Structure formats: structure tokens, C-alpha cells
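Visitor: The structure is given below, and queries will be raised subsequently.
The values are calculated or read from the model by the stated rules, or taken from the named source; none is laboratory data. As the structure is a prediction and not an experimental result, all values here were calculated from the model. Here the Cβ positions follow ideal geometry from the backbone for every residue, glycine too, while neighbour counts run over all protein chains shown.
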Amino acid sequence: MNDYALFDSARALPDGTREILPEALASAPAGRRRRIVDVREQHEFTGELGHVAGSKLVPLSTVTREASHWDHADEIVLICRSGGRSGFAARELKSLGFPRVINLVGGMLAWNEAKLPVEKG
């Protein structure tokens, strides 16, 4: 099993990060080395848009601190409301030496628009 299949299939960006569409994340087989990180605030994570099953809430202001405990070999998928904050987090993690960071294009707005399952609360 390729632990980095999602990263390998994601679109490469000039800054060294990658991006994927919601459907690609939803249909990807679980990755043993995959970490799904939602960088929104608590009220957004549990709010109207919900969150992706299996994602962990790590607000943007705490990403750098939390990342100090993460394995650099992990594939890290970042999610926010629309893709802006998660894109910023992806670039930050890349600058910290994480080689496999992926931003979810359009964030939870696009995820919901695609009518993919969400968890709430």
C-alpha cells in the first residue's frame, strides 16, 4: 500500500505544497500515514458546515506549536472554511520541513457543495 497515494495524486503548486478537490479526499482509501487537520476555530468545526470525519481540530494559531509533535513523514491534509487559512497553514508546514502537505481546494464550503458527508457537534 502506498502511504502517500493522496499526496502523489494531488496537484503540485509552485510553493511546493499540493492541493486536492473534496471528491479526491472523500474517495481516497485511508492512509496509514495520513493526518487530516482542520485549522478553523472550534465554533466553526462544530458549526453549520461540520467537519470531515477523522479530522482533528488544530486552530491556525496553534498549528506551528502542534506540528512540533507530528512526524515529518506523515501526509498532512489541511482544511478550513474556503481554502485560504489551510493554504497558509500548508505553506507554513512546508517551511517547517514537512514534505507532504496538501490543501483541500475550497475547504468545507466546497465539501458541502459536493454533498459529501460531514460530522457535526
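Visitor: Within the set of pairs 6+ apart or on separate chains, which have a first residue in the range 79-102 that is under 17 Å from ARG11 (Cβ atoms), a second that is surrounded by fewer than 18 Cβ atoms within 10 Å (Cβ to Cβ) and acidic (Asp, Glu), and C-beta atoms under 7 Å apart?
Guide: Hits for this filter: ARG91/ASP15; LYS94/ASP15.
Visitor: To continue, here is another question. When you scan the range 1-111 for helices (runs of 4 or more DSSP H) that lie fully inside it, which ones turn up with 3 or more residues that are of a type in the set (D, E, K, R) and over 11 Å from the mean Cα position of the chain (by Cα)?
Guide: Hits in the range 1-111: 84-95.
Visitor: Just to be sure I understand, how many residues within the range 112-121 are over 17 Å from LEU6 (Cβ atoms), part of a loop (DSSP other than H, G, I, E, B) and at pLDDT 95 or above?
Guide: 3
Visitor: Is it the case that the range 23-31 has a residue that's farther than 26 Å from GLY121 by Cβ and either surrounded by fewer than 16 Cβ atoms within 10 Å (Cβ to Cβ) or among the hydroxyl-bearing types (Ser, Thr, Tyr) (or both)?
Guide: Within the range 23-31 (the criterion being farther than 26 Å from GLY121 by Cβ and either surrounded by fewer than 16 Cβ atoms within 10 Å (Cβ to Cβ) or among the hydroxyl-bearing types (Ser, Thr, Tyr) (or both)), the answer is yes, since at least one residue qualifies.
Visitor: A follow-up question, please. Quick check on the range 3-29: of everything there that is without any contact (Cβ under 8 Å) to a residue 24 or more places away in the chain and of a type in the set (Gly, Ala, Ser), which residue is nearest to GLY84 (Cα to Cα)?
Guide: ALA12
Visitor: Please work out which one of (1) within 17 Å of GLU23 (Cα to Cα); (2) touching a strand residue (DSSP E or B) at 6+ places or on another chain (Cβ under 7 Å) is the condition ARG81 fails and give its number.
Guide: Of everything listed in (1) within 17 Å of GLU23 (Cα to Cα); (2) touching a strand residue (DSSP E or B) at 6+ places or on another chain (Cβ under 7 Å), ARG81 misses just condition (2).
Visitor: Restricted to the range 60-81, and to residues that are buried (at least 16 other Cβ atoms within 10 Å of the Cβ) and not hydrophobic (A, V, I, L, M, F, W, C), which residue is nearest to TYR4 (Cα to Cα)?
Guide: GLU75
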